[in-house]
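The values are calculated or read from the model by the stated rules, or taken from the named source; none is laboratory data. Here the structure is a predicted model, which means the values were calculated and not measured. A quick note on method: Cβ atoms are made from the backbone with ideal geometry, for glycine too, and the neighbour counts reach across all protein chains shown. Side chains included, ligands, DNA and RNA excluded: accessible areas come from the protein's heavy atoms. Shrake-Rupley method; radii C 1.70, N 1.55, O 1.52, S 1.80 Å.
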Amino acid sequence: MVERILAVIPCLNEELYIEALAEKLVATSRNLPMRIVIADGGSSDRTPHIARELAQKHNNIVFLENPKRLQAAAINLAVATYGEGAAFLIRIDAHADYPDDYCNALIDEAEKTGADSVVVAMKTEGKSGFQLAVAAAQNSLLGNGGSAHRIAGGNGFWTDHGHHALMRIVAFREVGGYDETFSHNEDAELDLRLRQSSHKIWMTGKTLAIYYPRSSPVALFFQYIRHGKGRARTILKHRAMPKLRQMAPAAVLPAALLALLTPFIPIALLPLAIWAVFCLGYGIALGRRAHNGVIALAGPAAMIMHFGWSVGFWMEMIDYLRKRPR
């Protein structure tokens, strides 16, 4: 029997997902000494009401108010409040689903490898309409750039980053937990500090997370603005050298601005046009392969993702340069 496990579900306006997710977690972890914390960031829907009912129904679920709203703050608060005596922290994202053996597989991998953190691949699934196209884009090279936590499988391997799943609480506390100034990319930033402190991260191939993406173009665009800002903040905080796949989307906004010169310099449109044709063509190819015309919209979905990411990245970079002491 492993030592006590702390599972934390940070959530904000997740009334459509939280009950089924929590009930499944309870049902599939009966053989584990687990406390489940639903940490709500001030939801305006029925999420707090549902979470409180779940806490009354199950003695291993507790409801925790997260006044700072962000996921990073929710997990830090849960660890500070309920982490004493627990060996493992398992992060459960509310906008996702997990295999029945998810928690058991994570514990087994941590014990077998001795890893300080066990991360997972993330498969995106859409239910209908535009969400299907977003899922296809995010599962493809076009949308994930070949990121290990999107395509991992097999027996697993040591890595520098992955979708957060399990972490030894002693390691989490040693590096100071999540940086609560990050609304996005807080996981990659924490992984960087873990590696700097000689902690080891294992990408398991034994299980994965299933993520449900945004279902509207506007929501997707603003989500990726936040992703871009988060990546820029990580680079600036640690003076880290970004990978090529992370920087390729950063070129989209400059290409769009360059295209404004097209009336004066016709060739100025070329970089933006190449990007657009590639994305649209890739989406059409995905749609044909899946025999689903909706999935052909993966091209426009990826364009929204790339453009939003680029806007967020350069917003953060410009803001840093503007505030930097001269």
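Results for (1) touching a residue at least 40 places away in the same chain (Cβ under 8 Å); (2) in contact with a helix residue (DSSP H, G or I) (Cβ under 6 Å, 6 or more places away or on another chain); (3) closer than 30 Å to residue 14 by Cα, shown as yes or no for each residue.
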residue: 183; (1), (2), (3): yes, yes, yes
residue: 187; (1), (2), (3): no, no, yes
residue: 209; (1), (2), (3): yes, no, yes
residue: 216; (1), (2), (3): yes, no, yes
residue: 225; (1), (2), (3): yes, yes, yes
residue: 232; (1), (2), (3): yes, yes, yes
residue: 236; (1), (2), (3): yes, yes, no
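Restricting 288, 233 to those that are in a helix (DSSP H, G or I) and within 16 Å of residue 140 (Cα to Cα) reduces the list to 288. List pairs: first residue in segment 27-53 and of a type in the set (Ser, Thr, Tyr), second residue crowded, with 18+ Cβ neighbours inside 10 Å and part of a strand (DSSP E or B) anywhere in the structure, Cβ distance under 6 angstrom, at least six positions apart or on different chains. Here the result reads 47/11; 47/40, each pair linking segment 27-53 to a residue that is crowded, with 18+ Cβ neighbours inside 10 Å and part of a strand (DSSP E or B). Say whether the condition of being at pLDDT 95 or above and within 23 Å of residue 196 (Cα to Cα) is met by at least one residue in segment 90-98. Checking segment 90-98: at least one residue is at pLDDT 95 or above and within 23 Å of residue 196 (Cα to Cα). Each residue in segment 277-293 was checked for being hydrophobic (A, V, I, L, M, F, W, C), surrounded by fewer than 17 Cβ atoms within 10 Å (Cβ to Cβ) and at pLDDT 95 or above, and 4 of them qualify.
Among the residues of segment 108-142, the ones that are small (Gly, Ala, Ser), open to solvent by less than 10 Å² (accessible area, probe 1.4 Å) and over 19 Å from the mean Cα position of the chain (by Cα) come to 2 in all.
Anything in segment 143-177 that is modelled with pLDDT of 90 or more, in contact with a Phe, Trp or Tyr (Cβ under 9 Å, 6 or more places away or on another chain) and open to solvent by 10 Å² or more (accessible area, probe 1.4 Å)? List them, or say none. Those that are modelled with pLDDT of 90 or more, in contact with a Phe, Trp or Tyr (Cβ under 9 Å, 6 or more places away or on another chain) and open to solvent by 10 Å² or more (accessible area, probe 1.4 Å): 156, 157, 158, 159, 163, 168. The lone criterion from (1) open to solvent by 30 Å² or more (accessible area, probe 1.4 Å); (2) under 21 Å from residue 201 (Cβ atoms); (3) touching a strand residue (DSSP E or B) at 6+ places or on another chain (Cβ under 7 Å) left unmet by residue 89 is number (1).
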